[in-house]
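Values in this text are rule-based calculations from the coordinates and carry no lab data. Keep in mind the model is a prediction, meaning the values are calculated, not measured. Virtual Cβ from ideal backbone geometry, glycine too; neighbours counted across all protein chains shown.
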Amino acid sequence: MTGPLVVLGAGGYLGTAVAARAEPLNRQVRLVRRPGGSLPVARAPGAGVVDCDVADPADLRRVVEGAGAVVHLASDLAGRDGWRGVGRASHGAEVMVNLIEACRRAERPVCVVLASTVGHQGVADGALSPYEEGKREEERLLLEATAAGRVDGVVLRLPTVYGCSPAAPSRPGRGVVATMVRRALSGEPLTVWAGGTVRRSFLHVEDAAQAFVASLSAAEALSGGRWDVAPDDTLELRDALATVAAVVAEVTGRAAVPVESVTPPAHALPADLEDVAVDAGPFRERSGWRPTRSFAEGVHDAVTTLAGDRPLQEGSRR
């Protein structure tokens, strides 16, 4: 690949972690944030930060011009419903159409790495959240454009991303792990739906960021594919939250809060009560990527950070 690396969504939770190590292949790096958005807390030496409204085709063309590769992490997560993105499923598809069109101006196909979700691949349409439906459509658009020779698309399907990055320890994310850590620190019970026996995979944000870096080095081998990125094991939600409760108890010296089963709320979707299956073997084989943090280690760092016990240090473990 030639030309700069462009990281869309570089000011976000995952984007900040990617920005801190976005120096693969010794190429120029453009870190793109939304206008007025957060700056990447840490960034690779020489990386420049630019503002862009990715929903504006002309603005998107401006930041993508001359790029050799684009890591697409930008998502519209605005509103009360967060990642469920009620009513916003079409936003990502519109951005993808404009991104593909912007990349067509290049002399050779631009590598586009899309952050997607492992989701629930066996669940019928209409049973998923708008966020997951939108990601499916983004994947389809990117891979069809790849088959047509317009771009070199790579889809990385991520499970639940959690944890604190040394690049931005004050940004622990707003997913289920961070939410439950905060509840446990406040002494509140942790709740699971319908017994909490559904299985989920949890990927530390630092491992997720490194997967995007690895995908750029292995872009030729990954082009045109959908690739699960995940650790070795899945966990029942009740066991994952029991780990959260135990780590909070260890850090604070208080008794562990209980993990309680509750009836799923009215807004729960069928997919919420289904296991998520992942197979990261093919991605590991082609990219050489491996996860480095266990769930317990990642939770410990998140707890100590959110508790204000000590600043997160690179490589800290217990």
(Q) Could you tell me how far the Cα centroid of segment 210-273 sits from the Cα centroid of segment 153-177, in Å? (A) 10
Q.
If you fit an axis through the alpha-carbon atoms of helix 205-217 and take the longest principal axis of the Cα set of the chain, what angle between them do you get, 0 to 90°, nearest 10?
A. 20
(Q) Test of understanding: ordering TRP193, TRP289 by Cβ neighbours within 10 Å, fewest first, what list do you get? (A) TRP193, TRP289
Q. Can you put CYS52, CYS103 in order, fewest other beta carbons within 10 Å first?
A. CYS52, CYS103
Q.
So if I place +1 on the C-beta of Lys and Arg and -1 on the C-beta of Asp and Glu, and nothing else carries charge, what would the dipole magnitude of the chain be about its Cα centre? I want it in debye, nearest 20.
A. 700
Q) Could you give the semi-axes, largest first, of the ellipsoid that matches the chain, computed as the square roots of 5 times the alpha carbon gyration tensor eigenvalues and rounded to whole Å? A) 33, 22, 18
Q. Taking the chain as a Gaussian network, Cα atoms linked when under 10 Å apart, which of GLU274, GLU107, GLU133 shows the biggest mean-square fluctuation?
A. GLU107
Q.
What whole-number volume per residue, in cubic angstrom, does the convex hull of the C-alpha atoms of segment 108-237 give?
A. 137
Q | Only Lys, Arg (+1) and Asp, Glu (-1) charged, at Cβ; segment 128-188 dipole about Cα centre in debye | A | 300
**Q.** Cut-off 15 Å between beta-carbons: net charge of the residues surrounding VAL198, Lys and Arg +1, Asp and Glu -1
**A.** -3
